[in-house]
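Okay, structure first, notes after.
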Amino acid sequence: MQKLRKKKLLLIALLLVLACALLTVGVLADDGKEAVYQSSFYGTAWSLLPPLVAIILALITKEVYSSLLVGIAVGSAFYAISSAGFSLETFFVGIFFSDGGIITNLSDSWNIGIMAFLVVLGIIVALMNKAGGAAAFGRWAGTHIKTRVGVQICTVILGVLIFVDDYFNCLTVGSVMRPITDHHNVSRAKLAYLIDATAAPVCIIAPISSWAAAVTSYVPEESGVNGFLMFLRTIPYNLYAILTILMMLYLAISKFDFGPMAQHERNAILNDDLYTTATRPYGDDRGVEDYNAEGCLWDMVLPVIVLIASCIFGLIYTGGIFSGETFVNSFANADASMGLVLGSAIALIFTFVYYMLRRNMTFKDFMGCFPEGFRAMVPAMLILTLAWSLGSTTKYNLGSTDFVSNLLANAGTLKNFLPLILFVLACFIAFSTGTSWGTFGIMIPIVCGIYDVSDQMLIVAIAAAMGGAVMGDHCSPISDTTIMASAGAHCDHVNHVSTQLPYAVTTAVACVGGYLIAAFTTNVWIILPSSIVLLFIVLFVIRTVERRKSADKQG
């Protein structure tokens, strides 16, 4: 154990030495001349290094807060180095007050809206627990869902049904299914994977979702492409989303797990330990305490139904449904942050009235759930704040978007292989920056400028960029969706990332094969089935290797 700690400390020391060396170079470069300020690293490949430092540190040290802070500090150090040398003042401005600063991100109205949604949802969950609704639902599910396979498939189905928004999906599915998966000894890491894999992958192929709205808005008007129709046409070519859903079902039905996930699942089944590691940011909160023996199934079902309906209403309201816009256009124009806050507020008011009429909770108990719900969301809000700041530092202070745009523009000569290139590049960019929306927001306008409107390869390329962005987002510890999945499952964030990574990479390997085939044909009836076959071949090989390893250990 001490050797491992020494290695971690040595790695951190080396990174600090590297940062100091870069600062020294910046200081020596100071020639005393005044110039318009711009970081020397702006728009270069170095702009992607700060998030990579944070990601590597998080995976090695298993500690996400300090890793994100180090990444922000490295990014701000790069930002503070210009042709005039290193500026200590700019360094601190970069951390707190620049476009990528922590204070700037905390004051952003969209970010505040997401945090408000988190808090309100945490309060509603606390209320359902206090009223006994969650416990009643757990008892009901315990009599109807008899197996681990059944509870995992139920989690997948619920995740697919809540397709409106990935944040909403992660937290709602986690709150509803966590007591039931606990009862059947499904590890928190496996629950987090099921939640995460039914969030972005489902939203990115759901026509009525905040993701569809985002993709539609990124299509340039001058391209002559109808954004919504284009989104619909990309669905069968979005290999990562489709294969991820199939892989979840296969893993649940076959009772097969591999990589770090296998250890977590084995530990949950044999040792009755859902966490495996000692790190438990949400405490040992197994199951649901039955606060109210009179709680019934409807005490949970009704608030959840109203929450879903009111969030859909909130989204279309902010999109202009009452200003003459169609239902589809309302989703396309929706403000996800404002809409989710409005929807969750309506659900909170309904929950208050319903529980008061039911008389299964006093007003004092109701108000007591407010700080309880807030405290439950503090770890997620802290990680989100740091992740937003790191992503903004990379984008605004260091110009990573300019670097990616130039990189993609030079790849236009390989038109037939561009879907494959886009998929791999999108994986890397989303992994490094922690944002899938930002990734395909960069790529879609460029792709629309490369291909003709009538070229079917345009649809394949955009689908590849979208799928790659989701894949990289899945693997990244600084992704907001991944953070939400950890929060929804009450799972240690690094455990979730490390167990999900092999599954995401396995799916991506099959996607690479599928987009390689797409270089020679755009026929979806060839590309999609071939990709599915490739996925199951890869899984068969992995399962065979795992069985041999198990046999060797027993022998």
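Can you tell me the accessible area per residue over the range 339-460, all protein chains present, probe 1.4 angstrom, in square angstrom?
Values: 4920 Å² over 122 residues.
The answer is 40 Å² per residue.
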query = In the structure displayed, which of LYS190/LYS553; LYS146/LYS190; LYS130/LYS255; LYS395/LYS415; LYS190/LYS415; LYS130/LYS190 lie more than 29 Å apart, Cα to Cα?
reply = LYS130/LYS255; LYS190/LYS415
message = From the phi angles alone, apply the Karplus equation (6.51, -1.76, 1.60; θ = phi - 60°) to the range 82-96 and give each ³J(HN,Hα) in whole Hz, x where the residue is Gly or Pro.
response = 10, 5, 8, x, 9, 10, 5, 4, 5, 4, 6, 4, x, 6, 10
message = Below 8 Å between Cα atoms, with a sequence gap of 6+, how large is the relative contact order for the chain in percent?
response = 23 percent
message = Output wanted: per-residue J couplings in Hz (rounded whole) for the range 190-195, from phi through Karplus 6.51 cos²θ - 1.76 cosθ + 1.60, θ = phi - 60°, x for Gly and Pro.
response = 5, 4, 4, 5, 4, 5
query = Once Rh for the range 446-520 is found with the Kirkwood sum over Cα pairs, what is the Stokes-Einstein diffusion coefficient at 37 °C and 0.692 mPa s, in µm²/s?
reply = 234 µm²/s
task = Can you check what the net charge comes to around ALA197, using other residues whose Cβ is under 14 Å from the Cβ of ALA197 (Lys, Arg +1; Asp, Glu -1)?
result = -3
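Which whole-number percent gives the relative contact order of the range 405-551, counting Cα pairs below 8 Å spaced six or more residues apart?
Values: 171 pairs, mean separation 37.3, N = 147.
Reported relative contact order: 25 percent.
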message = Placing unit charges on C-beta atoms (Lys and Arg positive, Asp and Glu negative, everything else neutral), compute the dipole magnitude of the chain about its Cα centre in debye, rounded to 20.
response = 1820 debye
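Over all directions, how big on average is the projection of the convex hull of the alpha-carbon atoms in the range 391-493, in square nanometres?
Working: hull surface 26.2 nm².
Mean orientational projected area (the range 391-493, Cα hull): 6.6 nm².
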request  = Go through the range 434-448 residue by residue and turn each phi into a ³J(HN,Hα) via Karplus (6.51, -1.76, 1.60, θ = phi - 60°); whole Hz please, and just put x for glycine and proline.
outcome  = x, 9, 7, 4, x, 5, 6, x, 6, 7, 4, x, 5, 4, 4
query = With all protein chains present, how much of the accessible area of the chain (probe radius 1.4 Å) comes from carbon and sulfur, to the nearest whole percent?
reply = 66 percent
key: Around VAL541: net Lys/Arg minus Asp/Glu count, Cβ-Cβ under 15 Å   = +3
remark   = For the chain the translational diffusion coefficient, Stokes-Einstein from a Kirkwood Rh over Cα pairs at 4 °C and viscosity 1.567 mPa s, in µm²/s, is roughly 53 µm²/s
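The values are calculated or read from the model by the stated rules, or taken from the named source; none is laboratory data. Note that the structure is predicted; figures quoted are calculated from it, not measured. Glycine also receives a Cβ, built like all others from the backbone with ideal geometry; neighbour counts cover every protein chain displayed. Just so you know, the surface numbers come from the protein's heavy atoms only, side chains and all, with ligands and any DNA or RNA stripped out. Shrake-Rupley method; radii C 1.70, N 1.55, O 1.52, S 1.80 Å.
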